[in-house]
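Below is one structure, written out as structure tokens; comments come after it.
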Amino acid sequence: MLLKSHTEADNDAAIQIVQKKPKRKWISYIWDTFDKSPEERHLLFKLDSAILTFASLGYFIKYLDQININNAFVSGMKEDLGMYGNELNYMQTCWTIGYVIGEIPSNILLTRIKPRYWIPAMELLWTVLTMSLSRCNTPTQFYVLRFFVGLAESTFYPGMQYIIGSWYRKDELAKRSCIFHTSSGIASMFSGYLMDAVFHLGGRGGFKGWQWLFIIDGVISLPVAISGFFILPDVPEIANPWYLSKEANQEVNLAQTRMKLEGRQNREPYTRSKLKKIFTSWHIYLLTLLYICFNNGAAGSQPIFQQFLKNSKNPVYSISQINSIPTTTPAVQVVTTLAYAWISDTVLNGRRWPPIIFGACINIVSYVSLAVWDIPMGWKWTCYIISGAGYGLSGLLMAWAHEICSEDNEERSLVIGSMNEMAYVFQAWLPLVVWQQVDAPEYPKGFITVTILSVILIIGTFGVRFLHKREKLRKGQTNEGEKMETSLSDSPGMSSVNPIETKPINIKSSDR
């Protein structure tokens, strides 16, 4: 008997660990690791503690530094800098242009270099730039710095989605992606509360209250960025993080085996044939369309609730109320995002499309009502608040993309980058057309546009579902055919004969 090599033995052991199926407990509906073997549960605890913590904190500071411009604008910056035209739109557009330019190149780089160096370095850069915004005295200075903030921040969300998709299996993916995404909602809420708090610092150190917001944001961001150099684990293929204890090699091997059994492929070179395969598939086009419609099919980047309150004449709301009341919308986002994740992973057995349809329908109800505008005040407030249910679909869409593109690492990276990038390509110019500051607070063009995009999102979701089901069916038939050919070729007397040309074989009773 030939003895197996040490590596083969480790691989076999890892496969056995992953394929263990303990009896499902009710508590596993709360958190999936309770259904895993002890070894896998221990590994996932370490990965969650590192990846999920860093991803959530990193996205929190990224979103905090992205949207602080809205809170600063309604808290004195508009009046101090004489921004009575569409300057806020231009600042948002400059950020978006930088974001768009950086996304796909960054995700391509992540398939070639170590993420634990690249992503934290970019976090440090945007932290410094955010603090520098406190010294801007003209809109033009804001335009330049916001461009570079967007360029640096473009590395984070698609990059971390790529890393999350490199470590987690299908039944684990949506929850982690959505927990990661809820940080944006929490950051939106926190930014409002933070602006309310630091507004009273106005005059100290020679800074206005809204300038202190940029300084405090930078102070919060700095330790999170530095921590990334120590806790981000790269991807399983090249990972060797310090926190995988004495059994590091075994745990890394277990992580690699989990991804192989999931069908996730290791990194390969970008070749002409690979690029042709990627760009002739429906994956990159339809998944990108879905994300464009989601990302622009809500008013998340626009301070529509704040503008409504700021323009209210009866009653008149204070700066504190204008910053704090709209945090109810991202609160709804946080709750619904987590609900989507748990329902998708557990109740729906990994199906992503039903919550996407639900979120799009909430958008349609909310924004059609706001487009009408002359509606009861109570329902208007309700529409502003429940519209947050449409903001929380990003994690599901990303999880769906990871699963659809699992067999090609480079396609997965490129599709994730394309989804996010093209969504922001539209966000670079669309607000200038439909969310013009001078239309506040009614925004008729914006509300109608969101409604149309939500309808397209529903149609596109059913299209992706149909094509993915057809694709899986074809692959299943191909795999069955390959298995049949292999079994025939391995049968006695048929290894060197074409199966079609073989004669019937008489089977003796002792062979039956």
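List of remarks:
- Residue count for the stretch 294-322, restricted to those that are of a type in the set (Gly, Ala, Ser) and closer than 16 Å to Gly76 by Cα: 2
- Answer from Val433, Val438 - the residue that is surrounded by fewer than 20 Cβ atoms within 10 Å (Cβ to Cβ), of a type in the set (Val, Ile, Thr), touching a helix residue (DSSP H, G or I) at 6+ places or on another chain (Cβ under 8 Å) and at pLDDT below 90: Val433
- Within the stretch 199-217, the set of residues being of a type in the set (D, E, K, R) and surrounded by fewer than 16 Cβ atoms within 10 Å (Cβ to Cβ) comprises Arg204 only.
- Taking the conditions (1) more than 24 Å from the chain's Cα centre (by Cα); (2) farther than 28 Å from Phe156 by Cα; (3) assigned to a helix (DSSP H, G or I) in turn, Phe466 satisfies each one other than (1).
- Considering only residues in the stretch 98-124 that are surrounded by fewer than 19 Cβ atoms within 10 Å (Cβ to Cβ) and among the aliphatic types (A, V, I, L, M), the one that is nearest to Ile231 (Cα to Cα) turns out to be Ala121.
- Leading residue by the ranking (nearest to Gln321 (Cα to Cα)) among those in the stretch 195-220 that are of a type in the set (D, E, K, R) and modelled with pLDDT of 85 or more: Lys208
- Given (1) farther than 21 Å from Ile304 by Cβ; (2) among the aromatic types (Phe, Trp, Tyr); (3) in contact with a helix residue (DSSP H, G or I) (Cβ under 6 Å, 6 or more places away or on another chain), index of the condition Trp95 fails: (1)
- Taking every residue in the stretch 453-465 that is within 14 Å of Trp353 (Cα to Cα) and pairing it with any residue that is not in a helix (DSSP H, G or I), at least 6 positions away or on another chain, the pairs with Cβ-Cβ distances below 7 Å are Ser454/Gly297; Leu457/Gly297.
- Odd one out for Thr127 among (1) surrounded by fewer than 24 Cβ atoms within 10 Å (Cβ to Cβ); (2) more than 30 Å from Val438 (Cα to Cα): (1)
- Test set (1) over 15 Å from the mean Cα position of the chain (by Cα); (2) charged (D, E, K, R); (3) surrounded by fewer than 24 Cβ atoms within 10 Å (Cβ to Cβ); (4) assigned to a helix (DSSP H, G or I) - Lys175 fails condition number: (1)
- One residue from Val316, Val334 being surrounded by fewer than 16 Cβ atoms within 10 Å (Cβ to Cβ) and of a type in the set (A, V, I, L, M, F, W, C): Val316
- Pro236 vs. criteria over 30 Å from Arg41 (Cβ atoms) and either in a helix (DSSP H, G or I) or not hydroxyl-bearing (Ser, Thr, Tyr) (or both): no
- Among the candidates Ile375, Ile385, Ile452, Ile416, residue that is open to solvent by 20 Å² or more (accessible area, probe 1.4 Å), touching a helix residue (DSSP H, G or I) at 6+ places or on another chain (Cβ under 7 Å) and in a helix (DSSP H, G or I): Ile385
- Residues of the stretch 171-194 classified as of a type in the set (Ser, Thr, Tyr) and farther than 19 Å from Thr327 by Cβ, total: 1
- Hey, Leu222 in contact with a Ser or Thr (Cβ under 7 Å, 6 or more places away or on another chain), under 27 Å from Cys94 (Cα atoms), assigned to a helix (DSSP H, G or I) and among the hydrophobic types (A, V, I, L, M, F, W, C) or not: yes
- Evaluation of Ile27 against (1) surrounded by fewer than 17 Cβ atoms within 10 Å (Cβ to Cβ); (2) in a loop (DSSP other than H, G, I, E, B); (3) in contact with a Phe, Trp or Tyr (Cβ under 9 Å, 6 or more places away or on another chain) (one fails), failing number: (2)
- Cβ separations smaller than 7 Å between residues 6+ apart or across chains give the following pairs from the stretch 169-194 residues that are farther than 14 Å from Tyr59 by Cα to residues that are buried (at least 23 other Cβ atoms within 10 Å of the Cβ) and aliphatic (A, V, I, L, M): Leu173/Ala399; Ala174/Ala341; Ala174/Leu396; Ala174/Ala399; Lys175/Ala341; Leu194/Leu213.
- Selection within the stretch 419-449: residues that are in a loop (DSSP other than H, G, I, E, B) and of a type outside the set (Ser, Thr, Tyr). The member of this set that is nearest to Asn295 (Cα to Cα) is Trp435.
The values are calculated or read from the model by the stated rules, or taken from the named source; none is laboratory data. These figures come from a predicted structure and were not determined experimentally. Cβ sites come from the backbone with ideal geometry, for glycine too, and all protein chains shown count toward neighbours. For accessibility, only protein heavy atoms count, side chains too; no ligands or nucleic acids. Shrake-Rupley method; radii C 1.70, N 1.55, O 1.52, S 1.80 Å.
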